[in-house]
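First the structure, in the form of C-alpha coordinates, and then the observations on it.
The values are calculated or read from the model by the stated rules, or taken from the named source; none is laboratory data. As the structure is a computational prediction, the values presented were derived from the model and not from experiment. We place every Cβ from the backbone using ideal geometry, glycine too, and count neighbours over all the protein chains shown. Surface areas here come from the heavy atoms of the whole protein model, side chains and all, with no ligands, DNA or RNA. Shrake-Rupley method; radii C 1.70, N 1.55, O 1.52, S 1.80 Å.
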Amino acid sequence: MKILGGPASQLLAARVAKSMQCELALVEFKEFPDGESYLRIVDELDEDTLVIQSTTTNDQIIYLLQLIDAASDGFLRVVIPYFGYARQDKRFKLGEPISARAIAHAIKADEVYVINIHDQQTLEYFQLRSGNPAINLSAAQTIGSNLKEMNFADPLLISPDEGATQLVHDVAQAMQSEFDVLVKKRVSSEQVQIQPKTVDVHDRDVVIVDDMISTGGTMAEAIKLLRGQGAREVHVACIHPVLSLNARLRLYRAGVDSILATDTIERAESCISVAPLIKHGVKAKP
Ligand code: R5P
(Lines give C-alpha, C1' and ligand atoms only; values in the text may rest on other atoms or scores of the structure.)
Protein backbone atom coordinates (compact mmCIF):
# COMPACT_ATOMS: atom_id res chain seq x y z
CA MET A 1 0.00 0.00 0.00
CA LYS A 2 1.23 3.52 -0.82
CA ILE A 3 0.49 6.48 1.39
CA LEU A 4 -0.49 9.77 -0.25
CA GLY A 5 -0.26 12.74 2.06
CA GLY A 6 -2.22 15.84 1.14
CA PRO A 7 -0.79 19.29 1.85
CA ALA A 8 -2.66 19.61 5.15
CA SER A 9 -1.43 16.27 6.51
CA GLN A 10 2.11 15.76 5.25
CA LEU A 11 3.65 15.12 8.64
CA LEU A 12 0.90 12.76 9.75
CA ALA A 13 1.07 10.87 6.43
CA ALA A 14 4.83 10.47 6.91
CA ARG A 15 4.29 9.18 10.46
CA VAL A 16 1.65 6.70 9.29
CA ALA A 17 3.89 5.51 6.42
CA LYS A 18 6.73 4.97 8.87
CA SER A 19 4.67 3.10 11.43
CA MET A 20 2.93 0.94 8.77
CA GLN A 21 6.21 0.44 6.89
CA CYS A 22 4.59 1.64 3.67
CA GLU A 23 6.03 3.86 0.96
CA LEU A 24 5.23 7.54 1.21
CA ALA A 25 4.52 8.83 -2.31
CA LEU A 26 5.82 12.18 -3.46
CA VAL A 27 3.08 14.62 -4.39
CA GLU A 28 3.60 18.10 -5.80
CA PHE A 29 1.17 20.87 -4.93
CA LYS A 30 0.93 24.37 -6.28
CA GLU A 31 -1.50 27.17 -6.95
CA PHE A 32 -2.12 28.60 -10.42
CA PRO A 33 -2.01 32.39 -10.83
CA ASP A 34 -5.83 32.48 -10.88
CA GLY A 35 -5.94 30.75 -7.47
CA GLU A 36 -6.88 27.27 -8.69
CA SER A 37 -5.14 24.35 -6.99
CA TYR A 38 -2.91 21.88 -8.82
CA LEU A 39 -1.33 18.65 -7.72
CA ARG A 40 0.52 15.76 -9.30
CA ILE A 41 1.44 12.40 -7.83
CA VAL A 42 5.04 12.05 -8.93
CA ASP A 43 5.46 8.36 -8.06
CA GLU A 44 3.72 5.46 -9.71
CA LEU A 45 0.76 4.24 -7.66
CA ASP A 46 0.05 0.76 -6.30
CA GLU A 47 -3.22 -1.09 -6.59
CA ASP A 48 -3.86 -0.05 -2.99
CA THR A 49 -3.64 3.57 -1.87
CA LEU A 50 -4.24 5.36 1.42
CA VAL A 51 -4.88 9.10 1.11
CA ILE A 52 -4.48 11.17 4.28
CA GLN A 53 -5.71 14.74 4.14
CA SER A 54 -7.51 16.94 6.66
CA THR A 55 -10.03 19.37 5.23
CA THR A 56 -9.07 22.39 7.29
CA THR A 57 -9.91 24.99 4.61
CA ASN A 58 -11.81 25.22 1.34
CA ASP A 59 -8.53 24.84 -0.58
CA GLN A 60 -7.70 21.68 1.35
CA ILE A 61 -11.09 20.21 0.41
CA ILE A 62 -10.21 20.76 -3.26
CA TYR A 63 -6.81 19.10 -2.75
CA LEU A 64 -8.55 16.10 -1.17
CA LEU A 65 -10.93 15.76 -4.13
CA GLN A 66 -7.99 16.07 -6.55
CA LEU A 67 -6.00 13.40 -4.69
CA ILE A 68 -9.01 11.08 -4.74
CA ASP A 69 -9.51 11.60 -8.45
CA ALA A 70 -5.84 11.10 -9.25
CA ALA A 71 -5.73 7.85 -7.23
CA SER A 72 -9.17 6.50 -8.06
CA ASP A 73 -8.12 3.65 -10.38
CA GLY A 74 -7.12 1.22 -7.63
CA PHE A 75 -8.50 0.30 -4.21
CA LEU A 76 -8.73 3.60 -2.39
CA ARG A 77 -8.86 4.31 1.31
CA VAL A 78 -9.19 7.86 2.53
CA VAL A 79 -8.41 9.13 6.02
CA ILE A 80 -9.77 12.58 6.79
CA PRO A 81 -8.29 13.17 10.26
CA TYR A 82 -10.13 16.47 10.67
CA PHE A 83 -13.33 16.72 8.66
CA GLY A 84 -14.09 20.43 8.26
CA TYR A 85 -17.68 21.62 7.98
CA ALA A 86 -18.67 18.81 10.36
CA ARG A 87 -20.47 21.31 12.57
CA GLN A 88 -22.72 22.28 9.63
CA ASP A 89 -24.38 18.89 9.74
CA LYS A 90 -27.96 20.09 10.01
CA ARG A 91 -30.21 22.69 8.45
CA PHE A 92 -30.30 25.11 11.39
CA LYS A 93 -32.24 27.77 9.43
CA LEU A 94 -34.54 27.48 6.45
CA GLY A 95 -32.61 27.71 3.18
CA GLU A 96 -29.26 26.54 4.58
CA PRO A 97 -27.30 23.70 2.99
CA ILE A 98 -26.19 20.69 4.99
CA SER A 99 -22.56 21.45 4.17
CA ALA A 100 -21.15 18.30 5.78
CA ARG A 101 -23.44 16.23 3.54
CA ALA A 102 -22.47 18.16 0.40
CA ILE A 103 -18.79 17.45 1.02
CA ALA A 104 -19.32 13.84 2.06
CA HIS A 105 -21.26 13.20 -1.18
CA ALA A 106 -18.30 14.43 -3.24
CA ILE A 107 -15.91 11.86 -1.71
CA LYS A 108 -15.74 8.73 -3.86
CA ALA A 109 -13.59 6.05 -2.24
CA ASP A 110 -13.77 2.44 -1.10
CA GLU A 111 -13.21 3.23 2.59
CA VAL A 112 -13.34 6.49 4.51
CA TYR A 113 -12.06 7.05 8.04
CA VAL A 114 -12.49 10.18 10.12
CA ILE A 115 -11.30 10.93 13.64
CA ASN A 116 -13.68 12.15 16.35
CA ILE A 117 -16.13 13.68 13.92
CA HIS A 118 -18.37 16.27 15.55
CA ASP A 119 -21.50 14.10 15.20
CA GLN A 120 -21.34 10.46 14.14
CA GLN A 121 -24.59 10.85 12.18
CA THR A 122 -22.49 12.64 9.53
CA LEU A 123 -20.99 9.23 8.69
CA GLU A 124 -24.30 8.36 7.06
CA TYR A 125 -23.78 11.07 4.44
CA PHE A 126 -20.85 9.23 2.84
CA GLN A 127 -21.78 7.02 -0.11
CA LEU A 128 -18.75 4.83 -0.62
CA ARG A 129 -17.92 2.85 -3.79
CA SER A 130 -17.80 -0.32 -1.68
CA GLY A 131 -21.18 0.32 -0.06
CA ASN A 132 -19.45 0.15 3.35
CA PRO A 133 -20.13 2.78 6.01
CA ALA A 134 -17.58 5.48 6.79
CA ILE A 135 -15.75 4.79 10.06
CA ASN A 136 -15.11 7.11 12.98
CA LEU A 137 -11.95 6.44 14.98
CA SER A 138 -11.71 7.84 18.49
CA ALA A 139 -8.44 9.36 19.69
CA ALA A 140 -9.60 9.31 23.34
CA GLN A 141 -7.30 6.42 24.26
CA THR A 142 -4.41 8.02 22.34
CA ILE A 143 -4.83 11.33 24.17
CA GLY A 144 -5.33 9.57 27.51
CA SER A 145 -2.19 7.45 27.27
CA ASN A 146 -0.10 10.45 26.19
CA LEU A 147 -1.46 12.66 28.99
CA LYS A 148 -0.75 9.89 31.49
CA GLU A 149 2.92 9.98 30.53
CA MET A 150 3.06 13.72 31.25
CA ASN A 151 2.92 12.98 34.97
CA PHE A 152 0.39 15.55 36.10
CA ALA A 153 -0.11 15.46 39.88
CA ASP A 154 -3.39 13.60 40.51
CA PRO A 155 -5.07 15.38 37.58
CA LEU A 156 -8.77 16.08 37.35
CA LEU A 157 -10.08 15.94 33.80
CA ILE A 158 -12.81 18.42 32.97
CA SER A 159 -15.32 18.42 30.16
CA PRO A 160 -16.12 22.05 29.29
CA ASP A 161 -19.68 21.09 28.33
CA GLU A 162 -22.04 18.16 28.31
CA GLY A 163 -21.28 17.42 24.64
CA ALA A 164 -17.73 16.37 25.43
CA THR A 165 -18.65 14.20 28.43
CA GLN A 166 -18.22 10.83 26.71
CA LEU A 167 -14.88 11.86 25.22
CA VAL A 168 -13.58 13.10 28.58
CA HIS A 169 -14.89 9.99 30.31
CA ASP A 170 -12.92 7.85 27.82
CA VAL A 171 -9.76 9.94 28.17
CA ALA A 172 -10.04 9.79 31.98
CA GLN A 173 -10.51 6.04 31.84
CA ALA A 174 -7.32 5.65 29.79
CA MET A 175 -5.50 7.78 32.39
CA GLN A 176 -7.26 6.21 35.37
CA SER A 177 -8.09 9.73 36.52
CA GLU A 178 -11.14 11.48 37.91
CA PHE A 179 -13.32 13.59 35.65
CA ASP A 180 -16.13 16.12 35.91
CA VAL A 181 -18.22 18.30 33.63
CA LEU A 182 -19.04 22.00 33.38
CA VAL A 183 -22.26 23.30 31.91
CA LYS A 184 -21.93 25.68 28.95
CA LYS A 185 -24.43 28.32 27.84
CA ARG A 186 -23.72 29.83 24.38
CA VAL A 187 -24.45 33.58 24.32
CA SER A 188 -23.40 34.22 20.67
CA SER A 189 -21.31 32.45 18.01
CA GLU A 190 -18.11 33.72 19.68
CA GLN A 191 -19.15 34.03 23.32
CA VAL A 192 -20.01 31.40 25.88
CA GLN A 193 -20.68 31.43 29.62
CA ILE A 194 -19.75 28.47 31.78
CA GLN A 195 -21.96 27.59 34.70
CA PRO A 196 -20.09 25.39 37.19
CA LYS A 197 -21.23 22.10 38.60
CA THR A 198 -19.82 21.06 42.00
CA VAL A 199 -16.17 20.63 41.08
CA ASP A 200 -13.58 20.88 43.82
CA VAL A 201 -10.52 21.87 41.84
CA HIS A 202 -8.75 23.71 44.67
CA ASP A 203 -5.00 23.02 44.52
CA ARG A 204 -5.46 20.41 41.80
CA ASP A 205 -3.96 20.15 38.35
CA VAL A 206 -6.78 20.12 35.84
CA VAL A 207 -6.82 19.24 32.17
CA ILE A 208 -9.84 20.49 30.23
CA VAL A 209 -10.51 18.22 27.26
CA ASP A 210 -12.69 18.91 24.21
CA ASP A 211 -12.98 17.52 20.71
CA MET A 212 -11.81 20.80 19.20
CA ILE A 213 -10.65 24.27 20.09
CA SER A 214 -11.82 26.72 17.47
CA THR A 215 -12.03 30.35 18.60
CA GLY A 216 -11.00 29.30 22.10
CA GLY A 217 -14.13 30.87 23.61
CA THR A 218 -15.34 27.69 25.30
CA MET A 219 -11.94 26.88 26.78
CA ALA A 220 -11.13 30.47 27.82
CA GLU A 221 -14.28 30.64 29.95
CA ALA A 222 -13.55 27.26 31.50
CA ILE A 223 -9.93 28.22 32.24
CA LYS A 224 -10.98 31.46 33.98
CA LEU A 225 -13.62 29.65 35.97
CA LEU A 226 -11.23 26.94 37.16
CA ARG A 227 -8.51 29.47 37.94
CA GLY A 228 -11.07 31.40 40.01
CA GLN A 229 -11.82 28.22 41.90
CA GLY A 230 -8.16 27.82 42.89
CA ALA A 231 -6.90 25.18 40.46
CA ARG A 232 -3.13 24.81 40.69
CA GLU A 233 -2.33 24.23 37.01
CA VAL A 234 -4.80 24.42 34.15
CA HIS A 235 -3.99 22.68 30.87
CA VAL A 236 -6.20 22.22 27.83
CA ALA A 237 -6.17 19.25 25.46
CA CYS A 238 -8.12 18.63 22.29
CA ILE A 239 -8.23 16.29 19.34
CA HIS A 240 -8.56 18.99 16.66
CA PRO A 241 -6.55 22.21 17.23
CA VAL A 242 -8.44 24.45 14.82
CA LEU A 243 -7.14 27.45 16.81
CA SER A 244 -8.71 30.07 14.57
CA LEU A 245 -8.40 33.85 14.92
CA ASN A 246 -6.75 34.84 18.23
CA ALA A 247 -7.54 31.59 20.05
CA ARG A 248 -4.04 31.21 21.51
CA LEU A 249 -4.04 34.74 22.91
CA ARG A 250 -7.45 34.14 24.47
CA LEU A 251 -6.30 30.92 26.12
CA TYR A 252 -3.05 32.30 27.51
CA ARG A 253 -4.72 35.52 28.72
CA ALA A 254 -7.27 33.33 30.49
CA GLY A 255 -4.37 31.67 32.34
CA VAL A 256 -3.75 28.34 30.63
CA ASP A 257 -0.47 26.59 31.36
CA SER A 258 -0.27 24.62 28.12
CA ILE A 259 -2.24 23.62 25.03
CA LEU A 260 -1.94 19.97 24.01
CA ALA A 261 -3.38 18.57 20.81
CA THR A 262 -3.12 15.84 18.22
CA ASP A 263 -1.83 16.10 14.67
CA THR A 264 -5.24 15.72 12.98
CA ILE A 265 -4.47 19.38 12.28
CA GLU A 266 -0.75 20.09 12.14
CA ARG A 267 -0.06 22.94 14.54
CA ALA A 268 2.76 23.84 16.92
CA GLU A 269 0.56 22.36 19.71
CA SER A 270 0.18 18.96 17.97
CA CYS A 271 2.42 16.96 20.32
CA ILE A 272 0.27 13.81 20.25
CA SER A 273 0.19 11.79 17.03
CA VAL A 274 -2.83 9.86 15.80
CA ALA A 275 -0.57 7.80 13.50
CA PRO A 276 -0.85 4.69 15.74
CA LEU A 277 -4.64 5.11 15.80
CA ILE A 278 -4.74 5.17 11.98
CA LYS A 279 -2.35 2.24 11.76
CA HIS A 280 -4.58 0.08 13.95
CA GLY A 281 -7.89 1.49 12.65
CA VAL A 282 -7.39 1.00 8.94
CA LYS A 283 -8.60 -2.45 8.00
CA ALA A 284 -6.61 -4.87 5.90
CA LYS A 285 -7.63 -4.82 2.22
CA PRO A 286 -10.63 -7.15 1.73
C1 R5P B 1 -18.77 22.24 20.33
O2 R5P B 1 -19.72 21.57 20.01
C3 R5P B 1 -17.39 21.71 20.32
O4 R5P B 1 -17.28 20.53 21.05
C5 R5P B 1 -16.42 22.73 20.90
O6 R5P B 1 -16.74 22.93 22.27
C7 R5P B 1 -16.51 24.03 20.19
O8 R5P B 1 -16.57 23.84 18.79
C9 R5P B 1 -15.33 24.88 20.53
O10 R5P B 1 -15.48 26.09 19.86
P11 R5P B 1 -14.79 27.41 20.37
O12 R5P B 1 -13.34 27.12 20.59
O13 R5P B 1 -15.03 28.39 19.24
O14 R5P B 1 -15.50 27.83 21.62
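Which semi-axes, in whole Å and largest first, does the equivalent ellipsoid of segment 111-160 have when worked out from the alpha carbon gyration tensor as the square roots of 5 times its eigenvalues?
For segment 111-160, the ellipsoid semi-axes come out as 33, 12, 5 Å.
Think of a 1.4 Å ball rolled over the protein heavy atoms: the chain then has 47 Å² of accessible area per residue. Compared with the direct C-alpha span, the chain from PHE32 to PHE92 gains 18.0 nm at full extension, assuming 0.36 nm per residue.
What's the whole-number percent of alpha carbon pairs in the chain lying beyond 37 angstrom? Each step should come with its number before you reach the end.
Details: 6797 of 40755 pairs.
Distances greater than 37 Å cover 17 percent of the Cα pairs.
Between the listed residues ALA14, VAL78, TYR252, the Cα displaced farthest toward the positive end of the dipole of the chain, a dipole computed from Cβ unit charges relative to the Cα centre, is found at TYR252.
For segment 209-279, would you read off the P(r) tail past 19 Å as a percentage of all alpha carbon pairs?
Working: 741 of 2485 pairs.
Cα-Cα pairs in segment 209-279 separated by more than 19 Å: 30 percent.
Annotation: amide H-H contacts under 5 Å for VAL79 (H modelled 1.01 Å from N, sequence separation of 5 or more, or interchain): VAL51, ILE52, GLN53, TYR113.
Let's see if you can work this out: charge +1 on each Lys and Arg Cβ, -1 on each Asp and Glu Cβ, no other charges. What is the dipole magnitude of the chain about its Cα centre, in debye to the nearest 20? Walk me through the numbers before you get to the answer.
Working: 29 positive and 38 negative charges, 125 e Å.
Roughly 600 debye, rounded to the nearest 20.
If R0 equals 35 Å, the separation of the Cβ atoms of ASN58 and ALA14 corresponds to a calculated FRET efficiency of about 0.90.
Divide by every residue of the chain the summed helix terms, -39500 (n - 2.57) for each DSSP H run of at least 4, and state the resulting mean residue ellipticity at 222 nm, rounded to the nearest 500 deg cm²/dmol. Please report the intermediate quantities before stating the final value.
Values: 8 runs with 80 residues, N = 286.
Rounded to the nearest 500, the figure is -8000 deg cm²/dmol.
Near CYS271, the amide H atoms lying under 5 Å from its own belong to ALA261; only residues 5 or more places off or on other chains count, and H is placed 1.01 Å from N. Placing unit charges on the Cβ atoms only, positive for Lys and Arg and negative for Asp and Glu, gives segment 105-222 a dipole magnitude near 340 debye about its Cα centre. Which aspartates and glutamates have a Cα less than 16 Å from the Cα of LYS90, not counting those fewer than 8 places away in the same chain? Qualifying aspartates and glutamates at Cα under 16 Å: ASP119, GLU124.
Based on the Kirkwood radius over alpha-carbon pairs, what is the Stokes-Einstein translational diffusion coefficient of segment 1-148 at 25 °C with 0.890 mPa s viscosity, in µm²/s? Calculated translational D: 153 µm²/s. Here segment 210-262 and segment 54-130 have alpha carbon centers that stand 28 Å from each other. Note on segment 1-131: with neighbouring protein chains present and a 1.4 Å probe, carbon and sulfur make up 47 percent of its accessible heavy-atom surface.
Quickly rank 34-47, 140-153 as a protection proxy: mean count of other C-beta atoms within 10 Å, highest first. Kindly include the intermediate steps, with their values, before the conclusion.
On the way: 34-47: 11.9, 140-153: 17.4.
Ranking the peptides 34-47, 140-153 by packing returns 140-153, 34-47.
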